[in-house]
1. Scan the stretch 80-103 and report the pairs whose first residue is under 22 Å from E47 (Cβ atoms) and whose second residue is part of a helix (DSSP H, G or I), with Cβ atoms within less than 7 Å and a gap of 6+ or a chain change.
2. Return a yes/no flag: does the stretch 101-108 have any residue that is more than 25 Å from the chain's Cα centre (by Cα), surrounded by 13 or more Cβ atoms within 10 Å (Cβ to Cβ) and not aliphatic (A, V, I, L, M).
3. If you check D241, D204, which single one turns out to be more than 25 Å from the chain's Cα centre (by Cα), touching a residue at least 24 places away in the same chain (Cβ under 8 Å), more than 26 Å from K94 (Cα to Cα) and open to solvent by 70 Å² or more (accessible area, probe 1.4 Å)?
4. Does L260 count as more than 21 Å from R197 (Cβ to Cβ) and open to solvent by less than 20 Å² (accessible area, probe 1.4 Å)?
5. Quick check on D134: is it open to solvent by 40 Å² or more (accessible area, probe 1.4 Å), of a type in the set (D, E), at pLDDT below 90 and under 21 Å from the mean Cα position of the chain (by Cα)?
6. Could you please find all residues in the stretch 71-87 being among the basic types (K, R) and assigned to a loop (DSSP other than H, G, I, E, B)?
7. Report every pair of residues separated by at least 6 positions or lying on different chains whose Cβ atoms are under 6 Å apart, first residue within the stretch 251-274 and farther than 23 Å from F223 by Cβ and touching a residue at least 12 places away in the same chain (Cβ under 8 Å), second in a loop (DSSP other than H, G, I, E, B) and not acidic (D, E).
8. Keeping to the stretch 215-231, report how many residues are open to solvent by 10 Å² or more (accessible area, probe 1.4 Å) and closer than 19 Å to T138 by Cβ.
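The values are calculated or read from the model by the stated rules, or taken from the named source; none is laboratory data. For clarity, every value in this text was computed on a predicted model and none was experimentally measured. Heads up, the Cβs are rebuilt from the backbone with ideal geometry, glycines too, and the neighbour counts pull from every protein chain shown. Ligands, DNA and RNA are excluded from the accessible area calculation, which covers all protein heavy atoms including side chains. Shrake-Rupley method; radii C 1.70, N 1.55, O 1.52, S 1.80 Å.
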Amino acid sequence: MNRSDGRRPAPPAKSNDSDASHADGELLRLSKLMSERGLCSRREADELISKGQVFVDGVQIKELGTKVTRAVQIELGARAIEKQSRLVTVILNKPIGYVSSQPEPGYQPAIQLLTEENYGGPGIPDVIPQRLNDLAVTGRLDIDSQGILIFTQDGRIAKKLIGENSEVEKEYLVRVQGPNGQSGKSFLSRDNLNLLRKGELEMDGKKLKPAHVEWVNEDQLRFVLIEGKKRQVRRMCEAVDLYVKGLKRVRIGKLMLGNLPEGQWRFLEPGENF
């Protein structure tokens, strides 16, 4: 319902199991609760609060650090909702030889591919510098790998894809071979295939989460993960003596790379989500 001050209520967030495990009377920072509910990032929440664009149970909140209970209703002001609707998310088919984020000596960051000339989406691109400002990469894809890479201005999307509790799947097609050039399928034992699947491998001192791993053909595996440690797929293969000849990420959540040409990009379309 629109109110006389021009506000529109934000969609109410559904409770989850972690919410249910806390007493309604527990106090926590409003910005933290907004982030948990997927309304925005904590940094963005603080900015919205300072601008008077957050309302708790109908009351405008302007004081940073305000604490609330988990039972409160949170609404965003009309200006905040309108600003969120203009945030840009970009899908790039990253080629080999580009780094995902920080440039390395002799290599270019993938964000430099986001030019009008490289636009591969539908229609005529509305590419003006302001639309592509402040894009942040969400998730790693190493310099020797290719495939779908996401850049966004939207903290809600970044949190969903790479937040600490993200459950978004990432799918990879991986060409492999044994140490002496054998076909990967003839070399990899059933026990080692199960080792990749069951979450029994350790990386950086922690056990990995279970993964979906299956053969596509004699030399290609499909990996589906819900975590993204640095060079994780390559390191998992190394742990079972497989050599990675090629690695391509083809899906993040519900979003497929599809037929987007290598080195080209497009905007996330209305109705698409992760």
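1. Hits for this filter: A80/L48; V88/R131; V88/L132; T89/I157.
2. Initial filter on the stretch 101-108 (more than 25 Å from the chain's Cα centre (by Cα)): 105-106.
Those still in the list that are surrounded by 13 or more Cβ atoms within 10 Å (Cβ to Cβ) too: none.
No, the stretch 101-108 has no match at all.
3. Numbers: D204 fails: more than 25 Å from the chain's Cα centre (by Cα).
That would be D241, the only listed residue that is more than 25 Å from the chain's Cα centre (by Cα), touching a residue at least 24 places away in the same chain (Cβ under 8 Å), more than 26 Å from K94 (Cα to Cα) and open to solvent by 70 Å² or more (accessible area, probe 1.4 Å).
4. Numbers: more than 21 Å from R197 (Cβ to Cβ): yes; open to solvent by less than 20 Å² (accessible area, probe 1.4 Å): yes.
In short, yes.
5. Details: open to solvent by 40 Å² or more (accessible area, probe 1.4 Å): yes; of a type in the set (D, E): yes; at pLDDT below 90: yes; under 21 Å from the mean Cα position of the chain (by Cα): yes.
When the stated conditions are applied, D134 passes them.
6. Start the filter on the stretch 71-87 by keeping residues that are among the basic types (K, R), which leaves 79, 83, 86.
Correct list: R86 only.
7. Pairs that qualify, where the first residue is farther than 23 Å from F223 by Cβ and touching a residue at least 12 places away in the same chain (Cβ under 8 Å) and the partner is in a loop (DSSP other than H, G, I, E, B) and not acidic (D, E), are P261/G120; G263/P95; Q264/G120; W265/L114; R266/G120; R266/G121; F267/G121.
8. Residues meeting the conditions: 7.
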